[in-house]
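Scroll down for the structure; my scribbles are underneath it.
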Amino acid sequence: MPYLTAPEALGELLPGEPSYRADQLRRWLYEAPVLDPADMTNLPAAVRERLGGLWPFTVEEQQSADGGRTIKWLFRAPDGVAIEAVLMGYRSRVTLCISSQAGCAMGCTFCATGQFGFDRHLDAGEITAQVAYAGAHLREHPIEGSPDRVTNVVFMGMGEPLANYTHTREAIRRMVEVMGISGRSVTVSTVGFLPGMERLATEPWPVTLALSLHAADDDLRQRLVPINRRYPIDDLITAAATYAETKGRRVTLEWTLMDGVNDTPEQARGLAAIARELRAHVNVIALNPTPLSDLQRPSARAAEAFVERVAAAGANVTLRDTRGRDIDAACGQLRARKG
Ligand code: SAH
Ligand code: SF4
């Protein structure tokens with residue numbers, strides 16, 4: 001399972017082979033990934049066999065939606081944990097949503113991953129392999145009218161990436177320095193894990209930071225996002241502002257809209273004030289209802305009214321459509337069904 005070895009250390013897997021073999025292997029793993037080692041055409045069969053299998057997981061399920069423009073995978077690691085990734089093809093980009101942990105310990109009440117608890121951190125290789133797998137799949141099955149490679153990566157699948165900092169960092173390094181994905185096209189979405197936000201600001205890559213805010217005051221936020229008790233909104237705003245300033249990049253605020261909970265005019269005003277202060281872009285996405293919570297998705301009209309209020313209060317805001325609703329493509333939902 002060569003993805004579990006750093007790209008620079010692949011020679012260790014090929015003792016006795018000339019060093020250019022490791023370079024060839026690295027190319028097949030990261031630059032032009034293939035689904036099957038047999039397609040690594042310039043590597044002798046004996047070398048390919050030594051790899052002992054390519055992927056650090058098996059593909060348990062592949063589903064597609066939106067006329068083949070959205071593909072969701074449920075991968076299974078050898079120890080039994082589930083890993084989800086969702087690929088979305090657009091006109092000028094292909095975005096892959098990846099998982100950083102199996103499960104999540106943050107316990108957000110509206111999130112399927114949070115409801116099912118934490119299994120373990122993913123290794124940097126398991127995170128990067130999701131990107132390589134999707135890239136290899138795209139090469140064999142391009143999405144018509146979309147680029148033929150993964151252009152954007154978002155850490156919005158299962159897990160809190162900044163609570164798994166070392167592996168998240170190493171995965172980003174491999175994507176940017178080895179796979180050729182631009183740092184600006186990588187988005188780290190965080191529940192507001194403050195120490196990780198501060199550390200990420202010190203890294204060399206201009207990755208986009210998305211803060212999952214969901215509420216404009218601490219009372220409401222800590223009902224939805226328990227970790228807010230430890231890292232309250234004012235501290236998150238300070239960290240996000242520092243990030244934006246250090247990187248010269250606007251942060252994004254994510255707002256999962258829940259009927260009768262955070263779709264009020266008061267929350268819209270509070271959100272707009274925070275967004276204006278940070279000069280942030282707001283993404284509003286309607287809740288995907290989950291099995292263990294009564295929280296509901298607002299009507300399309302209510303969602304539009306909320307977004308209009310935020311915009312009228314002077315913030316930059318977009319209502320996102322939810323891709324792949326019919327394949328449980330929201331955070332943690334496929335795994336919630338399959339166990
Ligand atoms: N842990 C990180 C990244 C993974 S969650 C974070 O919380 O940001 C990625 C995004 O999916 C977050 O913005 C989260 O709020 C959102 N999300 C979680 N459950 C959802 C649901 N049921 N419907 C819609 N969005 C959801
Ligand atoms: Fe974890 Fe993010 Fe889900 Fe919260 S929303 S439980 S942080 S994955």
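When T109, T58, T41 are checked against the criterion of being over 20 Å from I143 (Cα atoms), touching a helix residue (DSSP H, G or I) at 6+ places or on another chain (Cβ under 6 Å), open to solvent by 20 Å² or more (accessible area, probe 1.4 Å) and β-branched (V, I, T), a single residue qualifies: T109. Among the residues in the stretch 131-143, are any within 16 Å of ligand 1 (Cβ to nearest atom) and among the basic types (K, R)? Checked against the condition, which is being within 16 Å of ligand 1 (Cβ to nearest atom) and among the basic types (K, R), the stretch 131-143 yields no hits at all.
When the stretch 240-259 is examined, which residues are found to be within 14 Å of ligand 1 (Cβ to nearest atom) and out of contact with any strand residue (DSSP E or B) (no Cβ under 6 Å at 6 or more places or on another chain)? So that I can check it myself, show each step before the final result.
Start the filter on the stretch 240-259 by keeping residues that are within 14 Å of ligand 1 (Cβ to nearest atom), which leaves 240, 251-259.
Scanning the stretch 240-259 gives M258, D259.
Residues checked against (1) among the hydrophobic types (A, V, I, L, M, F, W, C); (2) in contact (Cβ under 8 Å) with a residue 60 or more places away in the chain; (3) farther than 19 Å from D66 by Cβ:
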| site | (1), (2), (3) |
| --- | --- |
| N283 | no, yes, no |
| P291 | no, yes, yes |
| D294 | no, no, yes |
| P298 | no, no, yes |
| R301 | no, no, yes |
| V307 | yes, no, yes |
| A311 | yes, no, yes |
| N316 | no, no, yes |
| R320 | no, no, no |
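Residues of the stretch 96-114 that are part of a strand (DSSP E or B), within 12 Å of the chain's Cα centre (by Cα) and within 13 Å of ligand 1 (Cβ to nearest atom): C97, Q101. Applying the criterion of being over 22 Å from S189 (Cα atoms) and in a helix (DSSP H, G or I) to the residues of the stretch 263-300, the residue that is most open to solvent (accessible area, probe 1.4 Å) is R269.
Within the stretch 188-199, how many residues turn out to be open to solvent by 10 Å² or more (accessible area, probe 1.4 Å) and either within 16 Å of ligand 2 (Cβ to nearest atom) or among the aromatic types (F, W, Y) (or both)?
So the answer is 5.
Residues of the stretch 301-339 that are open to solvent by less than 70 Å² (accessible area, probe 1.4 Å), modelled with pLDDT under 95 and assigned to a helix (DSSP H, G or I): I327, Q333, L334, R335, A336. Exactly one residue out of A129, A102 is buried (at least 22 other Cβ atoms within 10 Å of the Cβ), in contact (Cβ under 8 Å) with a residue 12 or more places away in the chain and within 25 Å of W255 (Cα to Cα), and it is A102.
The values are calculated or read from the model by the stated rules, or taken from the named source; none is laboratory data. Please read all numbers here as calculations on a predicted model, not as lab measurements. Neighbour counts run over all protein chains shown; Cβ positions are idealised from the backbone, glycine included. The accessibility values were calculated without ligands, DNA or RNA, using every heavy atom of the protein model including side chains. Shrake-Rupley method; radii C 1.70, N 1.55, O 1.52, S 1.80 Å.
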